[in-house]
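Values quoted throughout were computed directly from the atomic coordinates according to the rules given, and no laboratory measurement underlies them. Quick caveat: nothing in here was measured; it's all calculated off a predicted structure. Counting neighbours? That spans all protein chains shown, and the Cβs are built from the backbone with ideal geometry, glycine included.
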There are 2 protein chains.
Amino acid sequence: MKRVNAGFFPPIPVNNDKSRPMYIQLYDWFRSAIINGRLHPGQRIPSSRYLASDLQISRITVLTAFEQLHAEGYLESSVGSGTYVAKSIPHNAAKLTLVDSRWAPSPSRPGSRRISKLGTKFLSAPVIPRGFRAFQVGLPALDRFPKTIWSRLAIRHSRRTKKELMAYGDPMGRLACREAIAEYLSVVRGVRCDPAQIMIVTGSQQALDIAARVLLDPGDQVWIEEPAYPGAVRAFAAAGARLVPVRVDEDGLDVKQGIKRSPHARVAVITPSHQFPLGMTMSATRRVLLLDWATRNGSWIIEDDYDNEHRFAMRPIASLHGLDKDHRVIYAGTFSKVLFPSLRIGYLIIPKDLIPAFTRVRELSDIFPSPLHQGVLTDFIREGHLERHIRRMRTLYLERHDTLVAEIRKQLGPSFNILTANAGTYLVMLLPDGLRDTIVAEKAAQVDISSVALSTCYQEEPVKQGLILGYGGVDRKQIQDAVKRLAG
Amino acid sequence: MKRVNAGFFPPIPVNNDKSRPMYIQLYDWFRSAIINGRLHPGQRIPSSRYLASDLQISRITVLTAFEQLHAEGYLESSVGSGTYVAKSIPHNAAKLTLVDSRWAPSPSRPGSRRISKLGTKFLSAPVIPRGFRAFQVGLPALDRFPKTIWSRLAIRHSRRTKKELMAYGDPMGRLACREAIAEYLSVVRGVRCDPAQIMIVTGSQQALDIAARVLLDPGDQVWIEEPAYPGAVRAFAAAGARLVPVRVDEDGLDVKQGIKRSPHARVAVITPSHQFPLGMTMSATRRVLLLDWATRNGSWIIEDDYDNEHRFAMRPIASLHGLDKDHRVIYAGTFSKVLFPSLRIGYLIIPKDLIPAFTRVRELSDIFPSPLHQGVLTDFIREGHLERHIRRMRTLYLERHDTLVAEIRKQLGPSFNILTANAGTYLVMLLPDGLRDTIVAEKAAQVDISSVALSTCYQEEPVKQGLILGYGGVDRKQIQDAVKRLAG
């Protein structure tokens, strides 16, 4: 420990602690002395030469510290007359004490911590489910994922970190990956598109968010299914849309009700292949009506095809996108269910004339998608692993679906109706009259069962009470145990 | 090729083509016959038994196709009386021809393809630079990145694909990674925060975008530096903010001008450590003034600390975040420059009381960040590679900076003033009077040189004309060649 006593000048403690270079110690001392008022504005500072000799340190060290203090405005120099504490340090500089943000702010004046309406809008909405509890919606069979194959491909790609893949990349994603996705969609979904129309996104949610921002001004009306996927509600509400709930029946979206309620809506957001959450397929008639309305009205349709690969027995239903002559449909899909959620790869198919606008909005959202796993996905598709995996999962999910249905029938009895979908990884169990789904869901959570209350998917008064139960991520044994807990 | 001729019924061509299962051929034929009007609404369809025998295919195959056609609403059944083409297929069903979205839409009625104001706002803005041309802004020295070390860590993580890391994850990011970042920031930036306050994002852009959406309602005023980082302008314009440009001088943001122009702005977005693009550091006086104003006014400050690790000679200047007693500062940083852009990992430090709102807005944007590379980054920090890499890059960038300055002096002469920053990977070369930077930038592009025209960073009349030149990604030889081309 060395000290300097330059007459009027307070002692400066510095030491040879290797972890804190000398110039930093010096800088810190000056800075806090100025802030705390131990040195006052305009006070003269000993010369660097004097301090260096007194503290027995190099003059470079002192100059380095001084340079920083100058840069930050703590010190000033006048030519020929030395160095001073800056006169312009405000008298309230004492406020400049270093603080530790680990402490939460003390309660302050009301309104003074106001945030946006969007920031507060969803604070009380149900949390997006995570973890591995039985019946978590949206969880695929991760235990059956071909991890060895995926790891092998990932290792292959980790070995060759090309400079080209480390820099800023295309906001639309890697071309090879988009080509592979285009081929995959053409085979599996009958979607014909140019890879140039495909934008890689992180999943359905980003797809919806970007589309909402490209297509809608605040106050514009949007048809949203009633009930609907809560993520779509959030994305479109975030864009400032006025949501117009349009009911779904056994033929899917009731287009006539939509036209009646909001004839000039800018956008319709729908899940025509496999309605979320009720599971029905939109009929051909309704598809024609919807496309017709959109063309006449200059509106856009967002086809969220989130979970359509896992169609049991039948091939997936042809997409609305494939019927759309007027290029009104923006098609969104994801690999979160087909592969695994943390991959964070999904896609949009964009009408050609809208590609520039989508690109610019993507850039202001997050510039471009990470290319690192797109290469792995490309190989996984090209080498046929995706197709095989989907085929295996289709069988598996059908088994899990049937097991869950059988267990509900057996353990809960016939008063619980089940809406079986022909696809996907979840089903809806309706509740007998008099039961409220939010309360049942809470009770289920107490016995470690994850579910989504159907009523939370409605914008208006819910017409049905039920639980959405995901069976994708649970095996036979887990299903049996969990339904037993539900019944208990 | 087999044909069926059921009296009035048109021939159905099916064949044993292995690539198209029989039921799909049958489905396709019915679908297009109904759409094209060869089968009319209400027309009776031969029984599945009859068709199966006539086409010599299994009845299951026919039933499978029928089931799909029913599901899509093309066929209807009446109990006991057989199967019919649906009566409700609209008369304009001919519109349902399958289309190929690879063709761009034909020119249509004006206004009928209207998109949002945001979607059109930035269509003519300069494109975000990509590629490896000399002086591309924002490109780090990828040729000096320790790829072998990174690959080794990436391979290690690719080997163990745990189920926990494949599912939906925390919207804030992986805790281990956030802990490593908190420690790193505490050492490198003197930022003290709880890992619970750190949200992993994909980079500065997503940080700004999320912050803008949490903090601002459309129409709210925002102080933005004049000139400013164009990405910040885009993110805040996207949130509907009214941007109030506030000039910067040698002491950084002119807080007094800001208070005069917009005393009640909700947010100030600033780059206090290293102003983008002019490079100066905000003085202590100004920092006090700004924090004071924010506290009095209930405003927020976004400190974009995008490029501060590469400070030459001196340690980085203490962050505004570290002086903020009232928890007004949201701190944003990124690994795009320190490591590599395609990693897509950056971070926000959020005041504790705002964490729930940031979380919910993150969820509606893209749910959660991919955890896959967060593990690699964590190890890279923990094993000391990050610190070593930053130290090496600091020296390298100083060399490249000095080389570029020397080459400009030598080859372009003294009429080109250079604003040298004490940090970072780019500098600003001012142009002599009479030259317009957008024109010079275009000419530079013709000799394969990437640059950003300084004037494009201004919201109002640009007070300076210059080129922003990145030297991070170019070696001595490339710098010399490129400046020669610029001079030529």
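Relative to the longest principal axis of chain A, what angle (0 to 90°, nearest 10) does the C-alpha long axis of helix A:204-215 take? Computed tilt is about 80 degrees. Computed from label points 7 Å out along Cα-Cβ, the spacing between A:Ala445 and A:Gln56 is 6.6 nm. Its Cα centre serving as origin, segment A:205-337 has a Cβ charge dipole (Lys and Arg +1, Asp and Glu -1) of approximately 220 debye.
For A:Arg247, the point set 7 Å out from Cα toward Cβ sits 6.4 nm from its twins in the other copies, listed from shortest up. Note on segment A:177-235: dipole from Cβ charges, positive end direction compared against A:Ser186, A:Gly219, A:Gln205; the farthest Cα belongs to A:Ser186. Classification of segment A:281-396 by its C-alpha gyration tensor yields an oblate form. The axis ratio a/c (a ≥ b ≥ c) is 1.5 or more, and b/c is at least a/b.
For B:Thr395, project a label point 7 Å along Cα to C-beta. Then give me every residue of segment B:135-169 with its amide nitrogen under 19 Å of that point. Residues passing the 19 Å test: B:141-149.
Taking chymotrypsin sites (Phe, Trp or Tyr not before Pro) in DSSP loop conformation with at most 12 other Cβ atoms inside 10 Å as exposed sites, chain A has its longest uninterrupted site-free stretch at A:104-488. Compute the label zone of B:His264 within segment B:214-251: residues whose backbone N is under 20 Å from the point 7 Å along Cα-to-Cβ. Within reach of a label on B:His264, which here means backbone N under 20 Å from a point 7 Å along Cα→Cβ, segment B:214-251 contributes B:215-224, B:240-246. If the segment from A:Lys410 to A:Arg436 were pulled out straight at 0.36 nm per residue, it would be longer than the present Cα-Cα gap by 7.2 nm. Start at zero, step by 10 Å, and the Cα-Cα distances of segment B:310-457 spread as 9, 25, 29, 24, 11, 1 percent across the bins.
For chain B, what proportion of DSSP beta bridges, expressed in % and rounded to the nearest 5, is antiparallel?
Once the DSSP bridges in chain B are tallied, antiparallel ones form about 60 percent.
DSSP assigns beta bridges within the protein assembly as shown; of those with both partners inside it, close to 60 percent run antiparallel. For segment B:395-483, which GluC sites (Glu not before Pro) are both in a DSSP coil and crowded by at most 12 other Cβ atoms within 10 Å? Taking segment B:395-483 and a limit of 12 other Cβ atoms within 10 Å, the loop GluC sites (Glu not before Pro) found are B:Glu460. In this Cβ point-charge picture (+1 for Lys and Arg, -1 for Asp and Glu), segment B:14-68 has a dipole of about 60 debye about its Cα centre. About its Cα centre, segment A:131-244 has a charge dipole of approximately 840 debye under the convention of +1 per Lys or Arg Cβ and -1 per Asp or Glu Cβ, with nothing else charged. With a 10 Å cut-off around each Cβ of B:236-242, the average count of Cβ atoms from other chains is 2. Specify which residue in the list B:Leu377, B:Ala357, B:Leu404 is farthest towards the positive end of the charge dipole of segment B:356-419, using unit charges on the beta carbon of Lys, Arg (+1) and Asp, Glu (-1), about the Cα centre. Most positive-ward Cα: B:Leu404. Kirkwood radius for segment B:134-273, taken over all pairs of different Cα atoms as the inverse mean of 1/r, rounds to 18.3 Å. Each of B:Ser262, B:Thr395, B:Tyr23 was placed along the dipole of chain B (beta-carbon charges, centred on the mean Cα), and the one lying farthest toward the positive end is B:Tyr23. Counting only other chain Cβ atoms within 10 Å of each residue's Cβ, the peptide A:245-256 averages 0. The Rg/Rh ratio of segment A:422-488, with both radii computed over alpha carbons and Rh defined as the Kirkwood radius, is 0.97. Peptide B:281-293 shows a mean partner chain C-beta count of 5 within 10 Å per residue C-beta. B:Arg391 label point (Cα plus 7 Å toward Cβ) to equivalent points in the other copies: 5.6 nm, shortest first. In percent, rounded to a whole number, the relative contact order of chain A is 17, using alpha-carbon pairs under 8 Å and six or more apart. Note on the protein assembly as shown: Cα-only Rg and Dmax are 31.5, 118 Å. Simple spin-label estimate for B:Glu460 and B:Glu183 gives 4.8 nm between the two label positions (7 Å along the Cα-to-Cβ direction from each Cα).
Using a 7 Å projection from Cα along Cα-to-Cβ, the label point at A:Asn15 is separated from the same position in the remaining copies by 9.0 nm, smallest value first. Here, P(r) means the percent of Cα pairs in each 10 Å bin from 0 to the largest distance; for chain A it is 4, 16, 21, 18, 12, 10, 10, 7, 2, 0. When the helices of the protein assembly as shown are scored as -39500 (n - 2.57) per DSSP H run of n ≥ 4 and the total is divided over every residue, the value at 222 nm lands at -12000 deg cm²/dmol.
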